[in-house]
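Student: What follows is a single structure, and I will ask about it in a moment.
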Amino acid sequence: MKCQFCEKPATFHITELTEPAGPQVMHLCEEHAKGFLHKEASPPMTAIASALAKQLSQGSDDLEELDQKECPVCGISFFEFRNSGRLGCPYDYTHFEADLRPLLINVHDKTEHIGKKPTRSAGTADSLARMIGMRREMEEAIEREDYERASEIRDELKAMEDPIAPPANDSDETS
Amino acid sequence: MKREADFDELARYTGEWMRGEGPESDIVISTRIRLARNLADFPFIRRCSDEDRLSIERTVRARMESLTDQHWEAAQYVDLEPLSEIDRQLLVERQLISREIAESNGSRAVAFDAAEGYSVMVNEEDHLRIQVMKSGLDVKNTWEQVNRIDNMLEEVILYAFHPRYGYLTACPTNVGTGLRVSVMLHLPALVITEQMDRVFRSMQRINVTVRGLYGEGSQYTGDFYQVSNQVTLGHTEADLLALVGDEVAPKIIEYERKAREALLKNNRDDLHDEVSRAMGILSTARKISSEETMHHLSKIRLGISMGLIDQLDVKVINQLFLQSQSAHLQKLQGRILGTAERHARRASFLQHHLTGKEGLWN
Ligand SMILES: [Zn+2]
Ligand SMILES: [Zn+2]
């Protein structure tokens, strides 16, 4: 038997217990088994795959449409998320909120955080999105060697990161 | 925070978390807690440009360097990109970094203190993965330390946080607390008495994941299992820690203790024979794979815990587990070794450490 991730013989057989999928056996070579074991226990792909499969089996005619939906901040499509199991940016939790909710319920059985909170926060999801956009803009400015604009944006970002400092001029409004 | 690490030196020592002490250390190898965190003003890793990744790495490094916390002074910051493959593998074997980050590309780094057993990976699946490891079952102290590092970093780094969904992570399975608490257990008696399936089944109804390592067919049986929380959202950190540390792990420990008692009572001779054979093979073999080594070391560890071998310390076994791994062997040898050379080197390394002292046999 060959390793699930490469051509080497599978000498390790790891049983993974996940809910709701139940036990799953993975066949791995020594190298991959080590990586797998040392990685922490949650197998996100299996959890996500089974949650999404459940969603799909519940009959969704709109899936094709949903797959094409893209995040305006990072550009990830729902299709790409479904395939990789990884989101593209913090704003995805807002942009795909309704689409992710069934998955969160499937995986966590809950949809509301009740744990630790940071003492500082960027505020709303929109300001998070704006900060990512501004950083992109700053990189573009650096690329075209417009260092003046780049440092302006850098200062604005800094002000947004520091809740005590007065809010910087809103670039969205002035541009 | 220091900006370099001596990898030759690192290979020579085991971390504090491997010292084989701490509560329940006859059964519990280690407790590990990690927190997943992301910077507020960057896309997640998957959608990061090379510049983004570089910028994250630089930002985090600069912010970490600005910390004056005395506990942070001994931390070593290592840029993983220019590092040799063998040094990266060494960090993987010590569990200071994940195999994923070792094998990925682009700007990535780790800040760690090997002695203290903490590390912060930069640009893994999330921008930051903060983890602390301790010897034995020690959820409370492990949490205190990881929480303290998180609080310290939070003062200089603005995290992506959503009032409803908590700490935002690249994978929705980590969102909320971003917390994973894992306890590594050595359960040879439950394996020998074929009770692991029952343990698995009883755990399935609770929100935990149990994972084990098995060898090929019936030839080798892995005895190490990791228990961790499955969910991260909708529970407090305290609840998740209690689930694994106060509820599930103690239950499995109790099962293993009972199985060990039963073995001593009913199969003492067989067990003693098996432990002695394991000792014999590791003391005399001329070539050995890491898989076979692990199998026999597991039996020896059981023998020590059950008083069947009394002149060998579990600390030595932990050290052999660590240093008989490929990168450690090569680092200690001071050069790259091929597979056959590694097997031979491993055998002589084990022989030296197991027979170097007199009167190992009981
Ligand atoms: Zn493989
Ligand atoms: Zn996005």
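The values are calculated or read from the model by the stated rules, or taken from the named source; none is laboratory data. Just so it is clear, the model here is predicted, and its values are computed rather than measured. Note: ideal-geometry Cβ built from the backbone for every residue, glycine included; neighbour counts use all protein chains shown. Only protein heavy atoms, including side chains, enter the accessible area calculation; ligands, DNA and RNA are left aside. Shrake-Rupley method; radii C 1.70, N 1.55, O 1.52, S 1.80 Å.
Matching residues to (1) surrounded by fewer than 18 Cβ atoms within 10 Å (Cβ to Cβ); (2) of a type outside the set (D, E, K, R); (3) not in a helix (DSSP H, G or I):
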residue	(1), (2), (3)
A:Gly75	yes, yes, yes
A:Arg82	no, no, no
A:Ala98	yes, yes, no
A:Pro102	yes, yes, no
A:Asn106	no, yes, no
A:Gly115	no, yes, yes
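Student: Of the residues B:Arg46, B:Arg32, which is facing another protein chain (nearest Cβ under 10 Å), closer than 30 Å to B:Met306 by Cα and touching a residue at least 12 places away in the same chain (Cβ under 8 Å)?
Tutor: B:Arg32
Student: Can you say whether B:Ala249 is among the aliphatic types (A, V, I, L, M), at pLDDT 90 or above, under 19 Å from the mean Cα position of the chain (by Cα) and open to solvent by less than 50 Å² (accessible area, probe 1.4 Å), as far as the supplied structure shows? Even if it seems obvious, please write down each step before you answer.
Tutor: Details: among the aliphatic types (A, V, I, L, M): yes; at pLDDT 90 or above: yes; under 19 Å from the mean Cα position of the chain (by Cα): yes; open to solvent by less than 50 Å² (accessible area, probe 1.4 Å): yes.
Yes.
Student: Taking B:Leu137, is it hydrophobic (A, V, I, L, M, F, W, C) and within 21 Å of the chain's Cα centre (by Cα)?
Tutor: Values: hydrophobic (A, V, I, L, M, F, W, C): yes; within 21 Å of the chain's Cα centre (by Cα): yes.
Against the criterion (hydrophobic (A, V, I, L, M, F, W, C) and within 21 Å of the chain's Cα centre (by Cα)), B:Leu137 qualifies.
Student: Oh, and also: Taking the range A:117-152 as the search range and keeping residues that are touching a strand residue (DSSP E or B) at 6+ places or on another chain (Cβ under 9 Å) and either in a helix (DSSP H, G or I) or of a type in the set (A, V, I, L, M) (or both), which one is farthest from ligand 2 (Cβ to nearest atom)?
Tutor: My answer is A:Ala122.
Student: Quick one: would you say B:Glu65 is in contact (Cβ under 8 Å) with a residue 60 or more places away in the chain, of a type in the set (Asp, Glu), surrounded by fewer than 21 Cβ atoms within 10 Å (Cβ to Cβ) and more than 16 Å from ligand 1 (Cβ to nearest atom)? Steps first, please.
Tutor: Numbers: in contact (Cβ under 8 Å) with a residue 60 or more places away in the chain: yes; of a type in the set (Asp, Glu): yes; surrounded by fewer than 21 Cβ atoms within 10 Å (Cβ to Cβ): yes; more than 16 Å from ligand 1 (Cβ to nearest atom): yes.
Criteria met by B:Glu65.
Student: With the checklist (1) more than 19 Å from B:Val146 (Cα to Cα); (2) open to solvent by 50 Å² or more (accessible area, probe 1.4 Å); (3) more than 9 Å from chain A (Cβ to nearest Cβ) in hand, flag the one item B:Ile56 doesn't pass.
Tutor: Of the numbered conditions (1) more than 19 Å from B:Val146 (Cα to Cα); (2) open to solvent by 50 Å² or more (accessible area, probe 1.4 Å); (3) more than 9 Å from chain A (Cβ to nearest Cβ), the odd one out for B:Ile56 is (2).
Student: From the set of residues in the range A:117-126 that are open to solvent by 40 Å² or more (accessible area, probe 1.4 Å) and either modelled with pLDDT under 90 or within 21 Å of B:Pro43 (Cβ to Cβ) (or both), which is farthest from the other protein chains (Cβ to nearest Cβ)?
Tutor: Taking the range A:117-126 and keeping what is open to solvent by 40 Å² or more (accessible area, probe 1.4 Å), we get A:117, A:119-121, A:124, A:126.
Within this subset, residues satisfying the condition of being either modelled with pLDDT under 90 or within 21 Å of B:Pro43 (Cβ to Cβ) (or both) are A:119-121, A:124, A:126.
Working: A:Thr119: 7, A:Arg120: 6, A:Ser121: 5, A:Thr124: 9, A:Asp126: 11 Å.
Out of the qualifying residues, it is A:Asp126.
Student: Return the total of residues in the range B:263-297 being open to solvent by less than 40 Å² (accessible area, probe 1.4 Å) and assigned to a helix (DSSP H, G or I). Walk me through it before giving the result.
Tutor: Taking the range B:263-297 first, the residues open to solvent by less than 40 Å² (accessible area, probe 1.4 Å) are B:263, B:271, B:275, B:278-280, B:282-283, B:285, B:288-291, B:293, B:295-297.
Now drop any that are not assigned to a helix (DSSP H, G or I), which leaves B:263, B:271, B:275, B:278-280, B:282-283, B:290-291, B:293, B:295-297.
Counting residues in the range B:263-297 that are open to solvent by less than 40 Å² (accessible area, probe 1.4 Å) and assigned to a helix (DSSP H, G or I) gives 14.
Student: Moving on. I'd like to verify a number: residues in the range B:70-85 that are touching a residue at least 40 places away in the same chain (Cβ under 8 Å) and either closer than 30 Å to B:Ile336 by Cα or surrounded by 15 or more Cβ atoms within 10 Å (Cβ to Cβ) (or both), how many?
Tutor: Within the range B:70-85, residues that are touching a residue at least 40 places away in the same chain (Cβ under 8 Å) and either closer than 30 Å to B:Ile336 by Cα or surrounded by 15 or more Cβ atoms within 10 Å (Cβ to Cβ) (or both) number 6.
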